[in-house]
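The structure appears below as structure tokens.
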Amino acid sequence: ANQVCSLRFTMGGIDVDAYRDYCLSLGDEFSPLKSGFFFESAMVAGRGFALEPLFRQGVAEGLLSEGDLRYYQAFSVPGKPGVMAFNCPHIPSLVSNTTARGRSAAIVEAHAAIGRLARFLRAMMPGFSRSFLVGVAPMLGVRESWRIDGVYRLTEQDYACQARFDDGLVRGDWFIDVHSQSKGLFHQKGYQPGDYYEIPYRCFIAPQASNLLVAGRCISTTFLMQASVRIIPTVIDMGDAVGCACALSAASGVPPLELSGAEVRRFADASSPLG
């Protein structure tokens, strides 16, 4: 895989206001939300993030490894005061996330990294002095693995021109969000509110199989475009679209590969509770 996996975890007992105040005192501009019940912060080594000097100090004092600085991201959790969720650590050593051996080794590595991060935060990060580990995700967060070679392959050019299709079933608007092995993070310029591209039915079917429909990060895209379509709300819409295609196929007796994508779109629109 070219995108790294993560193992998310949560911590409680955090003074989120103190943490926010500290980040803002450093001139941290990552989170657009400066007040209220939600706050988000991040640090990627070598990218100019305000928190990096403190993380560097953690490495110098033996609390963190150099690899722990690849990616750090934390969110407060609405409805859970004092709790934050962490979209890290990155696990760059995982070469193949489709093998049991590779995934098992990644889990072991990630748990060790989570332990280091938790100790560092308690010892050095304002707002975390009374924090504790609440839980660790039971499964790896896999951003990328195998993809089908479908009837149509969605590309970053489709992203750039906000492509529309006669058989467009799903709208996407997330930026091209690559968590890479080498650079930590790659972002394509995002859209303005109301902008979107469409994902056509042809991305969900493969010419090698007449009765196969896929949804999720495995649809037919380029590597860069997959980094946009993989986002959870978009994937939920894919599942809904593929379900409509299955229903139409069953009702008509026409295999998915032979269905008209435009007809699937009309069927999906008619089936939507939004009209």
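Bear in mind that the values in this text are calculations on the coordinates, not laboratory data. Computed from a predicted structure; not experimentally measured. Virtual Cβ from ideal backbone geometry, glycine too; neighbours counted across all protein chains shown.
Here are some notes:
- CD proxy at 222 nm, helix term only [per DSSP H run n ≥ 4: -39500 (n - 2.57); per residue of the chain; nearest 500]: -10000 deg cm²/dmol
- Geometric descriptor of the range 156-271, per residue, is 104 Å³ (volume of the convex hull of the Cα atoms).
- Per residue, the convex hull spanned by the alpha carbons of the range 5-136 comes to 108 Å³.
- Residue separation of E61 and R171 scaled by 0.36 nm, minus their Cα-Cα distance, works out to 34.9 nm of gained length.
- Debye intensity ratio in log₁₀ form over the Cα atoms of the chain, taken at each q of 0.13 Å⁻¹: -0.94
- For E29 and Y196, the FRET efficiency from 1/(1 + (r/R0)^6), where r spans their Cβ atoms and R0 equals 22 Å, is about 0.25.
- Longest site-free stretch - the chain; sites: GluC sites (Glu not before Pro), DSSP loop, at most 14 other Cβ within 10 Å: 62-275
- Neighbour counts of C-beta atoms inside 10 Å place I232, I219, I91, I176 in the sequence I232, I176, I91, I219, starting with the fewest.
- Spin-label model, T222 to R119: label points 7 Å out along the Cα-to-beta-carbon direction sit 4.4 nm apart.
- Relative to the current alpha-carbon distance between S145 and Q162, full extension at 0.36 nm per residue lengthens the span by 3.6 nm.
- Residue order, fewest to most beta carbons within 10 Å, for T99, T221, T10: T99, T10, T221
- Separation in nanometres of the label points that stand 7 Å from Cα toward Cβ, at T155 and F38: 3.5
- Relative exposure of I231, I148, judged by other C-beta atoms within 10 Å (fewest first): I231, I148
- For the chain, the longest principal axis of the C-alpha atoms and the axis of helix 261-271 are separated by about 70°.
- Relative contact order [Cα under 8 Å, 6+ residues apart], the chain, whole percent: 20
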